[in-house]
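Heads up, the thing below is written out as structure tokens.
The values are calculated or read from the model by the stated rules, or taken from the named source; none is laboratory data. Not measured: the values here are computed from a predicted model. Please note: Cβ atoms are built from the backbone with ideal geometry, for glycine as well, and neighbour counts cover all protein chains shown. The accessibility values were calculated without ligands, DNA or RNA, using every heavy atom of the protein model including side chains. Shrake-Rupley method; radii C 1.70, N 1.55, O 1.52, S 1.80 Å.
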Amino acid sequence: MNATIDFNSVKPSKFTLSQRRASYYDVSDIITASQFKADDDDIKALEDIDLVYRALCAVLYNFAPLSGHPGGSVSSGRIAQALLFSTMDYDFFDPQKKESDILSYSAGHKAMGLYALWALRNELLRAAGASLPGEKHQLRLEDLLGFRRSRSCSTPIFKKLCSKALDGHPTPLTPFVKLATGASGVGVGATAGLALAAADIYGANCPRVNMIEGEGGLTPGRVSEAMAAAATAQLSNLVMHIDWNQSSIDSNNVCSEKLKPGDYVQWSPGELAYLNDWNVIHVANGHDFFQILSAQQFARSIKSQPTAIVYRTVKGWKYGIEGCSAHGAGHKFASDGYYAALNDFETRFGVKAPRYCASKPTPDAVEACFHETLLTVRKAVENSPGLTAFALKQINEASFRLEAAGRVPRAKAPSSEKAYELDPGAVPAGLALRTGREATLRETLGSVLSHVGRLTDGAVMAAAADLYSSTSVDLVNKGFGEGFFSAVSNPAARLVSAGGICEDGMGALMSGLSGFGSHIGVTSSYAAFIAPLEHIAARLHAIGQQGRRDLDGKPFDTFIMINAHAGLKTGEDGPTHADPQALQLLEGNFPKGAMITLTPWEPQEIWPLMAAALNRRPAVIAPFITRPAEKVPDRKASGLPPAAAAIKGLYPLLEAGRGQRHGTIVLQGNGVTTIFVNEVLPEIKKLGFNLNVFYVSSRELFDLLGDAEKEDIYPGRLALEAMGITDFTLPTMHRWVCSGEGRARTLHPFRNGRYPGSGRAADVMKEAGLDGAAQLEAVKNYAEFIISRK
């Protein structure tokens, strides 16, 4: 700190960071060690590969049309090329091999670079005569015709060559891609989740997980959360490769550097990483293969803490447009600038890309020119046998190193498969609840997850926003260990420290854990916070699972986000925490089968609902559970159907008898339903009302039923007469209550036009007009209206 005298004449104290477990290195010191020096011939070959790569980036932007991120794709290109052709241990010929090292583009906007590099690698190996995987597990040069194009694209060459539609940001539909990334910062946490899974499955001899990110992608708060979690878990197999080009969409001075304050943040990438207890390797010239390779080889030798290699680069290096101007923009179509960007490539390889592209700018003609340009790249590669032989040698050596490493899962390594085979109708003996005793939904759910964890050798790992015991998710540790997971000192623990009160970061982290394919990641916090803050991570996980299933045909790997302390019964915390809106953010807002929300009203429904949801194997399960204890009801004595009825998603608590029906009531939520069953239902029976009463335990489980079964359970005519009573918002009732009259009569927390205040659960329910007396009055008025109408 600068020791100047402040205006108050007090000299500032000197400040230094406390001792870290991690260390800071500069590549200038590393290159003096002979074991980390790169081979000159390798560097020459990589220089040629980069020429082709940069040409492909220019081509993709030119034909996308004029879409993508050429600047960051170029500035990170040499980093990624060094990883694929020199540093990583992986089997190109078996993209599904779990023990391979991973490269994750957490900076998903660099997808142009990913596709260009994947296609170039494939083309080099094809030209070298390698036996390639099936086309589904390749990304061919021809597939670049599909960059940022829809699957419905109808241009003739795209259709003739069966080119793949390549999304604007990467998904696992592309071979070797494990995650859907692109929402800034989510990729860092999700990639850390992959590293956590790999470390847990393989122990010390685990795959290394590399991620590419930029300094702009480090600025979201969720990144700091994820970096803290990775360091606490001591994930030494995690390496972040930071393309520090200092340029975002609007700034060429993102971070502070050389005493100049940053436009956005007042740290450098190295400072952020070291603050979070990551090893740091500073590479002064991120375009120098000698420095890049030396730093990456040195990082392989580090055996403690995650590592960040910070490469100082220039966005759009040698593209002709640099800095923020090259972030999401580039040369105009078929312009002189575009052809100038190809000049070095054309000169080096003695080829010429077509120049007629702008003469007839129809989609079919432009595609023909695009294809001819790609064939020019193919010609350059095929005329370079030395380069293709180098690529094949390097890829084979990566495979040999992987085999020599002898990575195998540890003894009793977790496997989630048994979790998807539970019997909803067979409650395990240890989970059976005694009627009349008090139990909470949260503790019951924690016990179910603990059982599943033991059944799967620890496949269930959980993180919470400093609410492990408060939401009972700490029970997943039972039988495994105490405290938080550390790959070094506490590998048996099943609880993951997620950086503190960090719903955002932990959602990314635990979804990435699930994405590896062996675990079920669980997060837990107040529904008011977790539903909005983890929505992005949940959505990206669902997108990623969709892409991976399309590629390999295997079912989804589930991530569970527990919406705890849900609704008005968290009354003492007030409206900032006791939020009825959370369900509306998730329910019905994902493609069919991707998300299953669960709204059990009493503890006995937890097992059948969780088992049924896991049987369906969605990408995300979101249970909504309340905080207070409830008496476990004797359902049989009360004339209620068994708890297993909940697996249909909607079931009748009470069915109208013969004769004139006096209406249909639809309930959802623990708060209103507990009151209804205990206080309102007996009075309805005394009054002689002949009502249907349905309970919504899961909209998505119901929607997954066949049409005939859905109509049998809840005929459409009932939806036209029904009214609702819910712990949640009015729109969550629209699926079940379809008439204007029914919706106007529906009781919900915002019916009085305000957020209810603080107090005991019963008092808050009364303030919202959801107490027993208010429910009974509303039902009486409704039944009398139905009677008068009929």
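Enter the Cα centre distance for the pair the stretch 567-587 and the stretch 716-735, rounded to the nearest angstrom.
Using only Cα atoms, the two centres lie 19 Å from each other.
Assign unit charges at the C-beta atoms only (+1 for Lys and Arg, -1 for Asp and Glu), then state the dipole size of the chain relative to its Cα centre in Debye, rounded to the nearest 20.
1080
What's the Cα-based Rg to Rh of the stretch 255-367, Rh via Kirkwood?
A ratio of 1.13.
Using the Cα centre of the chain as origin and beta-carbon charges of +1 (Lys, Arg) and -1 (Asp, Glu), tell me which of G436, L83, G521 is placed farthest towards the positive end of the dipole.
G436
Roughly what angle does helix 535-552 make with the longest principal axis of the chain, taking Cα atoms, 0 to 90 degrees, to the nearest 10?
70
Ordering T674, T456, T232 by accessible area with a probe of 1.4 Å, largest first, what comes out?
Per-residue accessible area, sorted high to low, gives T232, T674, T456.
Probe radius 1.4 Å, ligands and nucleic acids ignored: give me the carbon and sulfur share of the accessible area of the stretch 71-190 as a rounded percent.
49
Please work out the FRET efficiency for the pair K97 and S67, using the Cβ-Cβ distance as r and a Förster radius of 41 Å; give the result to the nearest 0.05.
Here the calculated transfer efficiency is 0.80.
Work out the charge dipole of the stretch 1-159 with +1 on the Cβ of Lys and Arg and -1 on the Cβ of Asp and Glu about the Cα centre, then indicate which of F147, A33, S100 is farthest towards its positive end.
F147
For the stretch 643-698 and the stretch 358-434, what is the centre-to-centre distance using only Cα atoms, to the nearest Å?
Each part reduced to its Cα centre gives a spacing of 50 Å.
Please state, to two decimals, what the Cα-based radius of gyration of the chain comes to when divided by 2.2 N^0.38 Å (N = residues).
Here the answer is 1.06, to two decimals.
Might you report the magnitude of the Cβ-based charge dipole of the stretch 5-82 about its Cα centre, with Lys and Arg at +1 and Asp and Glu at -1, to the nearest 20 debye? Spell out each step's value before the answer.
On the way: 8 positive and 10 negative charges, 123 e Å.
The dipole of the stretch 5-82 has a size of about 580 debye.
With a 1.4 Å probe and every protein chain left in place, tell me how much accessible area C162 has, in Å² to the nearest 10.
Looks like 100 Å² after rounding.
Let me have the relative contact order for the chain, percent, based on Cα pairs under 8 Å that are six or more residues apart.
13 percent.
For the stretch 505-602, run through the trypsin sites (Lys or Arg not before Pro) and keep only the ones in DSSP coil with at most 15 other Cβ atoms within 10 Å of their Cβ.
Values: sites: R539, R548, R549, K569, K592; in loops: K569, K592.
Filter output for the stretch 505-602: K592.
How many nm separate the modelled label positions at E421 and R437, each set 7 Å beyond the Cα in the direction of the Cβ?
Simple spin-label model gives 3.0 nm for this pair.
Compare the peptides 235-242, 346-353 by average per-residue count of other Cβ atoms within 10 angstrom and give them in order, highest first.
Numbers: 235-242: 27.6, 346-353: 15.6.
Averaged packing, sorted descending, gives the order 235-242, 346-353.
Tally up the carbon and sulfur contribution to the accessible surface of the stretch 425-518 as a whole percent, 1.4 Å probe, everything protein left in place.
Here it works out to 50 percent.
Can you send over the carbon and sulfur percentage of the accessible area for the stretch 271-407, probe radius 1.4 Å, protein chains only?
The nonpolar share, carbon plus sulfur, comes to 54 percent.
Report, to the nearest 10°, how far helix 111-127 tilts away from the longest principal axis of the Cα atoms in the chain, using its own Cα long axis and a range of 0 to 90°.
Its long axis makes an angle of about 60 degrees.
Relative contact order for the stretch 114-169 using alpha-carbon pairs under 8 Å, separation at least 6, rounded to a whole percent? Intermediate values should be presented prior to the final figure.
Values: 57 pairs, mean separation 18.4, N = 56.
Relative CO of the stretch 114-169 lands at 33 percent.
Rounding to the nearest 10 and keeping the result within 0 to 90°, find how far the Cα-based axis of helix 336-349 lies from the longest principal axis of the chain.
60
What distance in nm lies between label points placed 7 Å from Cα along the C-beta direction at N285 and L720?
Reported label-point gap for N285 and L720 is 7.8 nm.
For the pair H577 and N589, how long in nm is the line joining their label points, each one 7 Å along Cα→Cβ?
For the pair H577/N589, the computed spacing is 2.3 nm.
Quick one: which of K44/K352; K592/K710; K159/K554; K569/K766; K97/K554 span more than 18 angstrom between C-alpha atoms? All intermediate terms of the calculation are to be shown ahead of the outcome.
On the way: K44/K352 22 Å; K592/K710 15 Å; K159/K554 26 Å; K569/K766 11 Å; K97/K554 14 Å.
Correct reply: K44/K352; K159/K554.
Can you spot the aspartates and glutamates whose alpha carbon is less than 15 Å from K631's alpha carbon? Ignore those fewer than 8 places along the same chain.
Filter leaves E438, E443, E602, E605, E679.
Can you give the helix-only mean residue ellipticity at 222 nm for the chain, where every DSSP H stretch with n ≥ 4 adds -39500 (n - 2.57) and the sum goes over all residues, rounded to the nearest 500 deg cm²/dmol?
Taken over the chain, the calculation gives -11000 deg cm²/dmol.
Nothing charged except the Cβ atoms of Lys and Arg (+1) and of Asp and Glu (-1): what's the magnitude of the dipole of the stretch 503-654 about its Cα centre? Round to the nearest 20 debye.
My answer is approximately 580 debye.
Which of the aspartates and glutamates could a cross-linker bridge to K412, judged by Cα under 16 Å and excluding same-chain residues fewer than eight apart?
D200, D457
Send over a whole-number figure in Å² for the accessible area per residue of the chain, probe 1.4 Å.
Numbers: 29180 Å² over 790 residues.
Per-residue accessible area for the chain comes out at 37 Å².
Could you work out how much longer the chain between E679 and E346 gets when fully extended? Use 0.36 nm per residue separation minus the Cα distance between them, nm to one decimal.
This chain segment gains 111.7 nm when fully extended.
Put +1 on the Cβ of each Lys and Arg and -1 on the Cβ of each Asp and Glu in the chain; which of W736, F289, M461 then has its Cα farthest toward the positive end of the dipole?
W736
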